[in-house]
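Since the structure comes first, as structure tokens, the remarks are kept for the end.
The values are calculated or read from the model by the stated rules, or taken from the named source; none is laboratory data. These figures come from a predicted structure and were not determined experimentally. In this analysis, Cβ positions are derived from the backbone assuming ideal geometry, glycine residues included, and neighbour counts consider all displayed protein chains. Just so you know, the surface numbers come from the protein's heavy atoms only, side chains and all, with ligands and any DNA or RNA stripped out. Shrake-Rupley method; radii C 1.70, N 1.55, O 1.52, S 1.80 Å.
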Amino acid sequence: MAERSTAAVDVADNSGDEPLAAKADKVTADGVDTQNGRAADGPMPDKDGERTTAAPAAAPELHSGHKLARRYRLEECVTRVDGFSSWRAMDEKLRRAVGVHLLPADHPRARSVLAAARSSALLGDPRFVQVLDAVEENDLVYVVHEWLPDATELTALLAAGPLEAHEAYQLVSQVSQAMAAAHREGLAHLRLTPSAILRTSTGQYRIRGLAVNAALRGITSETPQRADTEAIGALLYAALTQRWPYENDAYGLTGLPKGVGLIAPDQVRAGVHRGLGELAMRALANDGATASRQEPACTTPEELAKAVAAMPRIRPPEPAFTAPPEYQHTTYQQGSYGRPTAPGVPSAQTVTVVPPPPPLQSRTGRVLKWGVAALLIAALGLGSWQLAGTLLDRNSGGTNGPNHPQPTSDDTPPKTEPGKPLHLARATVLAIGGDQVKAEDARKAVDGSANTGWVTPQYLGFANFGNLDGRKDGSGIVVDLGSVQDVAGLDVDLYVAGQKLQVLAAPPDASGPDSLSDFSQRLAKLGTAEKRLQTTLDAPIRTRYVLIHITELPSDGEGGYRGGINEIKILGKAS
């Protein structure tokens, strides 16, 4: 696909952009933004064809408490720069926090911001912070986006130190794959900075600002794929070294020494993972060469994602070993157990020693002693005789010998081991009550990639899909195998752990089942699932249609409930 640049907005920017005070500190008297070494207004330096345009229009004067569309109540202004402002707001209709970008309708970038926001909203990829609304009314243009209160900016993570190798691997893997998917749809970011990357409490990286932030800033590029790839390389470099890979300090990070050029990460900081360091150099612009000297440069997010996938997988660090508490050796000394105590120090555990009774020396005592000994000898002889009989019986091929195995207490036949995944012809959303949930995304649950999936909207108030009519009985994905097959197991990658679900199958003679009652065979009982659901059946079940039915969604940490399915695999019977 030919590269094309698309202006982009910093969509679900928790901070909107940068705090006003911080922004003021970064702009010097001559108008240079010391955060990124570029002019605060006016054309940007010619770097990979990237340019910005000035924005003379002033931001509209609004205040906390102002309501947009009688729905979005502005609460806190987090940015006011370049003629636009960004706010934290409250969606009073759905009772959730949102972010809002505002600019006058006559702003020179208003049209491109609206177009960018609407293009981003159509992507619908959960790896990006989602645009929820893009509206022009009352001489204002505003873009509403998700607000992620539990997420942490990469800027804050790097302020605490460089990331360990596994975390840096997850960062470059997730971001490169997400941007490759965006570019396949013709969308570019052009402002991938540490503040544009959010890490959620579950360890997922979310990208904000796709198709909106660059439009707000007036940034364009003649080579958008190369620009975004270099930006990902800079993020990886910073994650490994806690240094910005250019001479200027930026995003709270110290730049490289002036006049020495781009230095390999392992020359900046000891202990850097060599493979990741070489990957960062392959993504960064380096005069057509890379520090790897063996691999070609990565010029598109797709190439970078493939290079990451070709690396040996980097496992998470082992949990730190905690030594067990020291156990005290017990000694018997002067009537006390434990460590000897110093003179004059009371012992924690003091026991009075009782002298043993005197031995039985009388005639009666001797008789008792010999009687007990005789009983013990008899018991040992009886036990030996029984043991020998058992061994002889086995060696002679008795009923419990090698030709006659011991009966087991469980007569259940062993489980059938599942074979390879079956072909999935299509996937649809089960329309319980006639109301489908994101029917257009059902195919993403069977597209062979765990990075895309069927994800529900956010529901408020109730875990059972908001207790809405037509959805309070849940929803799910129906998988069509194309023909009746022997199903022996499941492997389902869920969007998030904590969803309550069950897996059912239609009878072999079913044709186009479209209600819950059409699925009469149970593959997995109703219960709360982990992030990955794997099940092996006791015996194969013949069916053509399998239903993953979700009844309750987990909390999303934003005051609502959300769930979904990333990828479904139905396993056949092993041949």
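Solvent exposure of the range 229-270, expressed per residue, is 40 Å² of accessible area, with all protein chains present and a 1.4 angstrom probe.
With coordinates expressed along the principal axes, the C-alpha atoms belonging to the range 96-222 extend over 49, 34, 24 Å, beginning with the largest.
Solvent exposure of K500, expressed as accessible area, is near 70 Å², computed with a probe of 1.4 Å over the protein chains only. What the Kirkwood sum gives for the range 61-142 is a hydrodynamic radius of 13.2 Å, with every pair of different alpha carbons counted.
Look at where the Cα atoms of the range 529-567 and of the range 126-176 average out, and the two centres are 27 Å apart.
For the cross-link pairs K258/K306; K306/K438; K420/K444; K420/K531, which exceed 25 Å when the distance is taken from alpha carbon to alpha carbon? Write down the numbers at each step before the final one.
On the way: K258/K306 33 Å; K306/K438 30 Å; K420/K444 20 Å; K420/K531 21 Å.
Pairs exceeding 25 Å: K258/K306; K306/K438.
Taken about its Cα centre, the range 480-571 carries a charge dipole of roughly 180 debye when the Cβ of each Lys and Arg holds +1 and the Cβ of each Asp and Glu holds -1. In the assembled protein chains, K438 presents an accessible area of approximately 80 Å² (probe radius 1.4 Å). Taking the Cα centre of the range 463-575 as the origin and placing charges on Cβ (Lys, Arg +1; Asp, Glu -1), which of S555, N464, G527 is farthest toward the positive end of the dipole? Farthest along the dipole direction, towards plus: G527.
Which net charge results when you count Lys and Arg as +1 and Asp and Glu as -1 among the other residues whose beta-carbon is under 11 Å from that of D266? In short, +1. The residues of the range 486-532 expose, per residue, 46 Å² of accessible area to a 1.4 Å probe. Per the Debye calculation on the range 479-562 with a single equal scatterer at every Cα and no solvent contribution, log₁₀ I(q)/I(0) for q = 0.16, 0.17, 0.18, 0.20 Å⁻¹ amounts to -0.63, -0.70, -0.77, -0.90. In the neighborhood of L422, defined by Cβ-to-Cβ distances under 10 Å, what is the net charge if each Lys or Arg adds +1 and each Asp or Glu adds -1? That sum, taken over residues with Cβ under 10 Å, equals +2.
Leaving ligands, DNA and RNA out of it, rank H166, H423 by accessible area with a 1.4 Å probe, largest first. List each step's numbers first, then the result.
On the way: H166 35, H423 135 Å².
The residues order as H423, H166, largest area first.
What a 1.4 Å probe finds exposed on the range 182-225 is 40% carbon and sulfur by accessible area, rounded to a whole percent.
In the neighborhood of P149, defined by Cβ-to-Cβ distances under 11 Å, what is the net charge if each Lys or Arg adds +1 and each Asp or Glu adds -1? List each step's numbers first, then the result.
Working: positive: R88, R96; negative: E146, D150, D556, E558.
Net charge in that neighbourhood comes out at -2.
If you wrap a convex hull around the alpha carbons of the range 195-317, what volume per residue comes out, as a whole number of Å³? All intermediate terms of the calculation are to be shown ahead of the outcome.
Details: hull volume 17.6 nm³, N = 123.
Each residue corresponds to 143 Å³ of Cα convex hull volume.
Go through the range 192-266 and name the trypsin sites (Lys or Arg not before Pro) that are in a DSSP coil and have 10 or fewer other Cβ atoms within 10 Å of their Cβ. Here the trypsin sites (Lys or Arg not before Pro) that fit, given the DSSP loop and packing criteria, are K258. Short-range pairs are left out: with C-alpha atoms under 8 Å and at least six residues apart, the relative contact order of the range 122-197 is 30 percent.
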